[in-house]
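Worksheet: the structure to be examined is printed underneath.
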Amino acid sequence: MLNPTRIFAAASIAAMSLFAGSAMADGEKYVIGTDSTYPPFEFVDASGTIQGFDIDITKALCAEMKAECSFVSTDWDGIIPALNAKKFDMIVSSMSITPERLKLVDFSNKYYNTPPAIAVPKDSTISDVAGLKGKVIGAQTSTTHANYAEKHLADTELKLYPTADEYKLDVASGRVDAVIDDVVVLSEWVKSDAGACCKILTTLPVDKEINGNGAGIAIRQGDPLREKLNTAIAAIRASGEYKKIQDKYFDFDVYGE
């Protein structure tokens with residue numbers, strides 16, 4: 001499923017589309033599309049550089065593949081169409097591998113897998129999922145978390161936002177009663193000054209039909225890059241590079257079962 005760089009997305013994609021088109025020709029240079037509004041997985045630092053777990057993992061994969069990689073920030077809603085329009089070569093943006101998305105793109109094997117969760121204001125009277133009935137819950141549009149709320153929290157009013165930053169502002173100001181997102185994203189947020197308003201209410205059972213089998217790297221259907229990525233993922237897991245990156249961001253096994 002997180003942005004100051006989004007306002008530059010269209011220009012960035014246009015500027016890099018020629019490079020992206022040539023990337024697949026030589027197999028050594030790749031442009032990666034990401035929605036950099038989703039800390040700690042992807043975000044823009046004070047210098048304007050895209051950082052995060054996804055970015056570091058991608059750099060490790062590119063090093064393993066002996067490929068030169070660059071990143072471009074793009075709006076989440078249009079990220080799959082942009083990939084299929086050859087604006088970039090792959091998507092690394094905490095994208096869950098789901099049956100619906102597999103109709104549009106191929107995926108690498110997963111590179112992490114964490115459950116969804118609910119966050120509420122610290123002074124909320126909501127004590128469990130049942131207490132969400134009749135409440136307004138925020139989620140980022142076009143995400144598995146929004147789909148999860150539609151199916152499993154049908155007795156709530158779902159309010160959708162273009163970015164995670166926007167739903168965070170609304171729950172902090174009391175315009176929504178709760179929000180749903182990845183447990184890691186919400187946990188990192190509530191530990192920050194910006195998320196001091198709120199707390200984790202609970203994690204939610206994974207619905208594989210909606211949440212899929214973890215986050216993978218999206219590529220165009222039939223792209224042989226899939227096997228290169230799978231080999232590289234296995235290699236950085238075996239070498240310990242994956243754990244080194246994981247431990248920089250998390251104090252638990254983010255890869256999952």
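Cβ-Cβ distance below 8 Å, separation of 6 or more or different chains: which pairs start in segment 238-257 with a residue that is charged (D, E, K, R) and end on one that is surrounded by 12 or more Cβ atoms within 10 Å (Cβ to Cβ) and part of a loop (DSSP other than H, G, I, E, B)?
Listed pairs, sorted by first residue: GLU257/ASN113.
Consider segment 41-53. How many of its residues are open to solvent by 10 Å² or more (accessible area, probe 1.4 Å) and not polar (S, T, N, Q)?
6
Hey, among the residues in segment 127-144 that are open to solvent by 10 Å² or more (accessible area, probe 1.4 Å) and under 21 Å from TRP189 (Cα atoms), which one's farthest from the chain's Cα centre (by Cα)?
By that ranking, first place goes to SER127.
Just one of the numbered conditions (1) among the hydrophobic types (A, V, I, L, M, F, W, C); (2) in contact with a Pro (Cβ under 7 Å, 6 or more places away or on another chain); (3) in a helix (DSSP H, G or I) is not true of ILE180; which one?
(3)
Please identify the pairs in which a residue from segment 74-91 that is in the same structural domain as TYR38 (by the TED database) and open to solvent by 60 Å² or more (accessible area, probe 1.4 Å) has its Cβ atom under 7 Å from the Cβ atom of a residue that is assigned to a loop (DSSP other than H, G, I, E, B) and among the polar types (S, T, N, Q), counting only partners at least 6 apart or on another chain.
ASP77/THR141; ASP77/SER142
Which residues, taken from segment 30-73, are aliphatic (A, V, I, L, M) and in a strand (DSSP E or B)?
VAL31, ILE32, VAL44, ILE50, VAL72 - these are the residues of segment 30-73 that are aliphatic (A, V, I, L, M) and in a strand (DSSP E or B).
Identify the single condition in (1) modelled with pLDDT under 95; (2) aromatic (Phe, Trp, Tyr); (3) surrounded by 15 or more Cβ atoms within 10 Å (Cβ to Cβ) that PHE252 does not satisfy, given that it satisfies every other one.
Among (1) modelled with pLDDT under 95; (2) aromatic (Phe, Trp, Tyr); (3) surrounded by 15 or more Cβ atoms within 10 Å (Cβ to Cβ), the lone unmet condition for PHE252 is (3).
Out of LEU160, LEU169, report the one residue that is outside any helix (DSSP H, G or I) and open to solvent by 70 Å² or more (accessible area, probe 1.4 Å).
Every option except LEU160 fails the conditions.
The values are calculated or read from the model by the stated rules, or taken from the named source; none is laboratory data. Quick caveat: nothing in here was measured; it's all calculated off a predicted structure. Positions of Cβ are generated from backbone atoms using ideal geometry, with glycine treated the same way; all protein chains shown enter the neighbour counts. Each accessible area value is taken on the protein alone, full model and side chains, heavy atoms only, with ligands, DNA and RNA left out. Shrake-Rupley method; radii C 1.70, N 1.55, O 1.52, S 1.80 Å.
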